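Asks: Okay, handing you the structure first.
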Amino acid sequence: MSFIENEFIKLGIDLNLGGAITYLCDKKKNENLINNRDWILKEQKN
């Protein structure tokens, strides 16, 4: 996972998924707005 961030947001890109955006959050709330539950479950099975 690679991240880029500024004072407002943090963006995560998973290069193993072809550069898919898998993380986006407001820096104040620190809560991921991207629903990536399916990818997490798939990776845990492997």
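The values are calculated or read from the model by the stated rules, or taken from the named source; none is laboratory data. Keep in mind that what you see is a predicted model, and the values were worked out from it rather than measured. When we count neighbours, we look across all protein chains shown, and the Cβ atoms used for this are built from the backbone with ideal geometry, even at glycine.
Asks: Within the range 1-41, which residues are part of a strand (DSSP E or B) and either within 8 Å of the chain's Cα centre (by Cα) or of a type in the set (Gly, Ala, Ser) (or both)?
Replies: Once the filter is applied, which keeps residues that are part of a strand (DSSP E or B) and either within 8 Å of the chain's Cα centre (by Cα) or of a type in the set (Gly, Ala, Ser) (or both), the range 1-41 yields Ser2, Leu11, Gly12, Ile13, Asp14, Ala20, Ile21, Thr22, Tyr23, Leu24.
Asks: Which condition does Glu7 not pass, out of (1) modelled with pLDDT of 90 or more; (2) of a type in the set (Asp, Glu); (3) surrounded by 10 or more Cβ atoms within 10 Å (Cβ to Cβ), if it passes all the others?
Replies: Only one criterion is unmet by Glu7, namely (3).
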